[in-house]
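The values are calculated or read from the model by the stated rules, or taken from the named source; none is laboratory data. Keep in mind that this is a model prediction, so the values were computed, not measured. In this analysis, Cβ positions are derived from the backbone assuming ideal geometry, glycine residues included, and neighbour counts consider all displayed protein chains. Accessible surface areas use protein heavy atoms only, side chains included; no ligands, DNA or RNA. Shrake-Rupley method; radii C 1.70, N 1.55, O 1.52, S 1.80 Å.
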Amino acid sequence: MTTNKFWKQKKLSAFTAEEWESVCTHCGRCCLLKLQDEDDDEVYYTDVVCRYHDCRTHLCREYKNRCLLVPECLKLTPENLGNITWIPKLCAYHILHQTGDLPSWHPLVSGRPLPDQYKISPDVVSEPDVPEEELEDHIIEEDDND
Ligand code: SF4
């Protein structure tokens with residue numbers, strides 16, 4: 001547990017790069033592939049995870065190059081955080097932006113690793129294993145992955 005609750009004392013835009021990165025719980029939720037309805041722009045989550053997501057460590061295997069390799073991979077910033085309509089409800093950045101605080105289960109608050117229930121399911125399928133035309137069959141309710 002950190003005694004320096006920087007996330008309560010600073011604006012998001014004043015976080016150091018290290019502080020900003022430490023907010024990410026590596027839950028993997030933003031790495032789930034999403035489909036957008038062409039008619040109404042609604043975004044649907046799938047249980048298919050990005051090809052670069054390491055399901056064992058819950059880290060991106062290409063973190064530094066992720067936006068080059070996957071152009072639609074969005075880099076979260078204090079500036080764009082409020083404009084991302086599809087951001088996962090349990091994303092720590094989203095919660096911090098909405099409430100001004102981190103939840104009790106966040107590792108910076110609890111001093112413990114993220115509980116499994118907040119990570120994406122171990123049953124997710126990796127992108128290379130799902131043909132694009134079958135992605136629709138993998139749509140889930142976002143909370144199904146709790
Ligand atoms: S959803 Fe948020 S907290 Fe989870 S891995 Fe993505 S950026 Fe990090």
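If only residues of the range 37-53 that are over 12 Å from the mean Cα position of the chain (by Cα) and outside any strand (DSSP E or B) are counted, the one that is surrounded by the most Cβ atoms within 10 Å (Cβ to Cβ) is Tyr52. When restricted to residues that are open to solvent by 40 Å² or more (accessible area, probe 1.4 Å) and assigned to a strand (DSSP E or B), the range 1-36 contains 3. Kindly check whether there is at least one residue in the range 124-141 that is over 14 Å from the mean Cα position of the chain (by Cα), among the small types (Gly, Ala, Ser) and over 16 Å from Cys31 (Cα atoms). No: the range 124-141 contains no residue that is over 14 Å from the mean Cα position of the chain (by Cα), among the small types (Gly, Ala, Ser) and over 16 Å from Cys31 (Cα atoms). Within the range 1-49, the set of residues being under 15 Å from Ser121 (Cβ atoms) and away from the ligand (no atom under 14 Å from the Cβ) comprises Thr46, Asp47, Val48. Taken over the range 50-87, the criterion of being among the acidic types (Asp, Glu) and more than 16 Å from Val125 (Cβ to Cβ) is satisfied by Glu62, Glu72, Glu79. Among residues of the range 85-109 being outside any helix (DSSP H, G or I) and within 10 Å of the ligand (Cβ to nearest atom), the one that is farthest from Leu35 (Cα to Cα) is His106. The residue pairs whose first member lies in the range 50-68 and is farther than 20 Å from Asp129 by Cα, whose second member is open to solvent by 60 Å² or more (accessible area, probe 1.4 Å) and in a helix (DSSP H, G or I), and whose beta carbons are closer than 8 Å, counting only pairs six or more residues apart or on different chains, do not exist in this structure. In the set (1) without any contact (Cβ under 8 Å) to a residue 12 or more places away in the chain; (2) out of contact with any Ser or Thr (no Cβ under 7 Å at 6 or more places or on another chain), the condition left unmet by Trp86 is number (1). If you check Arg66 against the conditions, is it under 22 Å from Glu136 (Cβ atoms) and within 12 Å of the ligand (Cβ to nearest atom)? Against the criterion (under 22 Å from Glu136 (Cβ atoms) and within 12 Å of the ligand (Cβ to nearest atom)), Arg66 does not qualify.
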